[in-house]
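The values are calculated or read from the model by the stated rules, or taken from the named source; none is laboratory data. Worth saying up front: this structure is predicted, and the values here are computed from it rather than measured. Please note: Cβ atoms are built from the backbone with ideal geometry, for glycine as well, and neighbour counts cover all protein chains shown.
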Number of protein chains: 2
Amino acid sequence: MVEADSNSTLSYALLGLIWQKASSGYDLRKFFSSTPIRSFSDSPGAIYPALRRLEGRKLIRSRIEGKGGKRQRRVFEITSRGRLTLRRWQSQPITRDDVVHNADTLMMRFAFMDEFADRATALRFLQSFRQQLTAYLTELRRYLKANRQFMSISGRLALESGIQGYETLFRWAKRALATYQRLATHQRKEN
Amino acid sequence: MVEADSNSTLSYALLGLIWQKASSGYDLRKFFSSTPIRSFSDSPGAIYPALRRLEGRKLIRSRIEGKGGKRQRRVFEITSRGRLTLRRWQSQPITRDDVVHNADTLMMRFAFMDEFADRATALRFLQSFRQQLTAYLTELRRYLKANRQFMSISGRLALESGIQGYETLFRWAKRALATYQRLATHQRKEN
DNA sequence: TAGTCCATGTAAGATGTTACATGATTCA
DNA sequence: TGAATCATGTAACATCTTACATGGACTA
């Protein structure tokens, strides 16, 4: 009954932003060009068609705002179906493939956690992320150890850069977990 | 006279690998699926058409290898035009946009440095990379400082993750430069 | 009044994903 | 002999890039 969710990362980003605040295509483009939100393109050729698709799937709806002498704007707002879709996206389990190919999509998922998911989902995400990172780091280190003797200096350095990037993510995940746990403690004390 | 180089990152990766060693499409797919080479997809639907395009642009050429009772393989090797294209790609200046949107493409460029470019190009790359990273980090930190009070915890953490990633790249670039400088010193001593 | 920003879009083309298709060869 | 692996490809589809197009409103 529930059909497959297949939306691009851009679509999910748009959906999240529209959930935060009903917006026009132009607003969203400005947002992408003026903030470091894992810097999507702000090109109209990407954004306007993506909005149409979301509307076609009934994840958002639009109305034209032209009141007063103002110029016309098509303002989008999220539907309940859209909220459901975004939540489902956020609470998907993290796979090895996510970690290897879509690390920044994962971070996009996490950025919206506080607003659209509950604390438990955020914690599950971080724990599962940490676990996948551990596993992948083991793989990478093993590969480096086995092959470093056959690699050029620049090749080895490039691989090390990848490993260091994942190590940084791992430390980040640990710290993020600690942050949430500290928060929970404070809240208990307040009650 | 020299037309615009517009090849995807996948195409450049294929070109570099073929330069290292004449290969069939199947070899290249296996390479992508068995090494952590910034993990491109190993899907035939991406690789075979990309090889055809490279051949159409005369950056590689192919011959069919079927000697003996063996199965047929189409083996690709790089042309001098291909070598030129790859070198030109590697020695392009690093832009802000590269740093913001294509950090892993940059790493791919660097990975092949020792094999296809000279030491000076590698050093220029690292210096320029370090400089762009410094500039972008300043931007990101300024943005965080100005906006952290308005951000949710998960939003702030996600942004911090991005900053930490760039800090790691920055430290990497410094260390890589030091590695090459140490190397140069040793070589001088040996002479 | 000329330039810049607001605001929305389309068209052509490149690239990549997913799924399907085919056949030879090797190995248990 | 059947399964796995070698080996190459195509077709349909989604998505994104680049470039173009349009017009209103604000401002120096």
Residue among A:Leu126, A:Leu106, A:Leu84 that is more than 14 Å from chain B (Cβ to nearest Cβ), away from DNA strand C (no atom under 12 Å from the Cβ) and at pLDDT 95 or above: A:Leu84
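Okay, residues lined up against (1) in contact with a Leu (Cβ under 9 Å, 6 or more places away or on another chain); (2) among the hydrophobic types (A, V, I, L, M, F, W, C); (3) in a helix (DSSP H, G or I):
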position: A:Thr134; (1), (2), (3): no, no, yes
position: A:Glu139; (1), (2), (3): no, no, yes
position: A:Leu144; (1), (2), (3): yes, yes, yes
position: A:Asn147; (1), (2), (3): yes, no, yes
position: A:Ser154; (1), (2), (3): no, no, yes
position: A:Ser161; (1), (2), (3): yes, no, yes
position: A:Phe170; (1), (2), (3): yes, yes, yes
position: A:Ala173; (1), (2), (3): yes, yes, yes
position: A:Ala178; (1), (2), (3): no, yes, yes
Residue check for A:Phe116: within 15 Å of DNA strand C (Cβ to nearest atom) and of a type in the set (Phe, Trp, Tyr): no
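Report the residue count in segment B:135-164 for those that are in contact (Cβ under 8 Å) with a residue 24 or more places away in the chain and at the interface with chain A (Cβ under 8 Å from one of its Cβ atoms).
Counting residues in segment B:135-164 that are in contact (Cβ under 8 Å) with a residue 24 or more places away in the chain and at the interface with chain A (Cβ under 8 Å from one of its Cβ atoms) gives 1.
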Residue check, A:Thr95 farther than 20 Å from B:Gly162 by Cα and more than 16 Å from DNA strand C (Cβ to nearest atom): no
